[in-house]
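A short write-up of the structure that comes next.
A short reminder: the numbers here are calculations on the coordinates, not readings from a lab. Values in this document were obtained by computation on a predicted structure and should not be read as measured data. Here the Cβ positions follow ideal geometry from the backbone for every residue, glycine too, while neighbour counts run over all protein chains shown.
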Amino acid sequence: MSDNQVQDGGAEEKAVEAQLEAQLDAKRAELATLQAGREKSRRRAELQEAIAETERQCREEAALAAAEATFGPVGKRINTLPTVDGLVIVKMGDGIKVRIWADKHGANPSVQACRELVRPCVVHPPLEEFDEIVKERPMVLVGAAGKVLELAGIGSKETGGK
């Protein structure tokens with residue numbers, strides 16, 4: 001084998017290696033572009049979620065201020081139940097109706113019984129939205145019933161709260 005043949009073989013290897021490195025660089029650039037696009041989409045979704053959450057908090061703060069102006073401070077004639085889906089505000093139920101309800105359903109009420117107690121007392125969110133929350137997360141109804149009963153004079157220990 002002559003020196004010329006060895007040099008030609010080395011040049012071919014270098015050309016193949018250069019071509020492979022160019023392919024790798026191209027794929028890395030494609031990967032970086034895809035990752036940047038995904039990151040941009042993720043960031044946009046985070047910003048939209050933060051905007052929606054802040055808007056919800058503003059609506060809840062306004063609803064709480066209106067409820068306090070109408071019924072008095074939290075803990076006296078209204079109570080709040082923070083949930084994953086937002087704040088639920090309930091007002092104190094009619095004393096006679098709450099007594100009749102308690103006599104009828106006792107310490108172990110059904111979900112339907114909780115619905116009968118809570119729905120007339122919901123101040124916020126609107127009933128349609130409250131029903132959607134309860135459909136998705138039924139235990140919100142039980143928590144709201146506990147808050148209504150607390151306003152009626154039953155302590156949180158008796159209603160299963162902390």
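Per-structure values
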item: Candidates A63, A15, A107, ranked by Gaussian network fluctuation over the chain, Cα under 10 Å, top entry; result: A15
item: Contour minus Cα-Cα distance for A32 and T54 (0.36 nm per residue); result: 4.7 nm
item: Choice from Q19, Q35, Q48 showing the highest fluctuation, given a GNM over the chain with Cα pairs closer than 10 Å; result: Q19
item: Residue with peak Gaussian network fluctuation, the chain [Cα springs, cutoff 10 Å], from V148, V111, V90; result: V111
item: Under-5 Å amide H pairs with V123, H placed in peptide plane, nonlocal only; result: I89, V90, K91
item: Nonlocal Lys pairs with alpha-carbon distance under 19 Å, the chain (8 or more apart, or different chains); result: 11
item: Sites L47 and K135, calculated FRET efficiency, Cβ-Cβ separation with R0 30 Å, nearest 0.05; result: 0.55
item: Amide H contacts of T83 (H built 1.01 Å from N, under 5 Å, at least 5 apart or other chain); result: V88
item: Mean residue ellipticity (222 nm) of the chain, computed from DSSP H runs ≥ 4 via -39,500 (n - 2.57), nearest 500; result: -24000 deg cm²/dmol
item: Acute angle (nearest 10 degrees) that the helix 3-71 long axis makes with the longest principal axis of the chain, alpha-carbon atoms; result: 10 degrees
